[in-house]
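Here the structure is laid out as structure tokens; the discussion comes afterwards.
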Amino acid sequence: MGGDYERMNTVFKFSMQAWLCFAIGCALAIQRLWNLLRGFVRNSWVVIFFVLVLGNSVFLTAGTTSRIRDHQVWVEAQPPVQSANYTPSLDGLAFIRAWYPGDAKAITWLNTNVAGSPVILEAAAPVSYQWFNRFSIYTGLPDVLGWADHVGEQRYSDQPSNRVTDIGIMYTTPDAVQAIVLLRFYHVRYIYVGELERQAYAQQSTAGLDKFDHMVGDTLRMVYRSDGVTIYEVL
């Protein structure tokens, strides 16, 4: 499974917990060494210790500068719709409110009104690190499929590709029966239709997305509509 990058993400995500354990162990080791060492050895160890701390602290400035530069590149390539003077912030939602205000409001609504872990349906990502899968990312709710290439690292190759195809069918087919069969197969509770879904699945025809409005009643319930975003609940 996973081809050339089999289990890559699993391995490095486990390493995060390992580094936390190392940090706790090192804190205890430092206290122990401080009590045991004496004289020149102790002074040398203190100098080495502070050189290491200082060396690691370089990231505080270099890393921050790099992240600010990343933001600026995006600002120049795609100016935010809300504010031409957007500046980086520690608020993770500030970016969304500036670039995707409709999605930002819908994400806030989902976080406020949806309990538990219902499955959501949103546009599938052709490649990683774009605006796809934004609702599963910012709400923590499970999705029918995450970033397909990342999922492919831990699944057989046909598994993510099958889901990409089925997500496309659910959004593009005008056949309500076919759509509801797939929605129930994947245990979908909420269907998200925003600008990204329209760009991905309604370039040629809007019939697939329009069917959701026609299904409202016995099959779906519209629970949210604002700023170009509609969320349906599967009954």
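Numerical summary
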item	result
Single residue of the range 138-165 satisfying the filter (open to solvent by less than 30 Å² (accessible area, probe 1.4 Å) and over 11 Å from the mean Cα position of the chain (by Cα)) that is nearest to residue 120 (Cα to Cα)	144
Unmet criterion (only one of (1) surrounded by 10 or more Cβ atoms within 10 Å (Cβ to Cβ); (2) on the phi > 0 side of the Ramachandran plot; (3) at pLDDT 80 or above) for residue 39	(1)
Close pairs from the range 149-174: first on the phi > 0 side of the Ramachandran plot, partner β-branched (Val, Ile, Thr) and surrounded by fewer than 18 Cβ atoms within 10 Å (Cβ to Cβ), Cβ under 7 Å, at least 6 apart	none
All positions within the range 114-137 that are open to solvent by 60 Å² or more (accessible area, probe 1.4 Å) and either among the acidic types (Asp, Glu) or touching a residue at least 24 places away in the same chain (Cβ under 8 Å) (or both)	117
Any chance residue 44 is hydroxyl-bearing (Ser, Thr, Tyr) and assigned to a helix (DSSP H, G or I)	yes
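One line per residue, one yes/no per condition, for (1) at pLDDT below 90; (2) in a helix (DSSP H, G or I):
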site	(1), (2)
33	yes, yes
61	yes, yes
64	yes, yes
71	yes, yes
90	yes, no
103	no, yes
108	no, yes
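The values are calculated or read from the model by the stated rules, or taken from the named source; none is laboratory data. Quick caveat, the model's predicted, so the values are computed rather than measured. Here Cβ is always computed from backbone atoms with ideal geometry, including for glycine, and neighbour counts include all displayed protein chains. All accessible areas refer to the heavy atoms of the entire protein, side chains included, with ligands and DNA or RNA removed. Shrake-Rupley method; radii C 1.70, N 1.55, O 1.52, S 1.80 Å.
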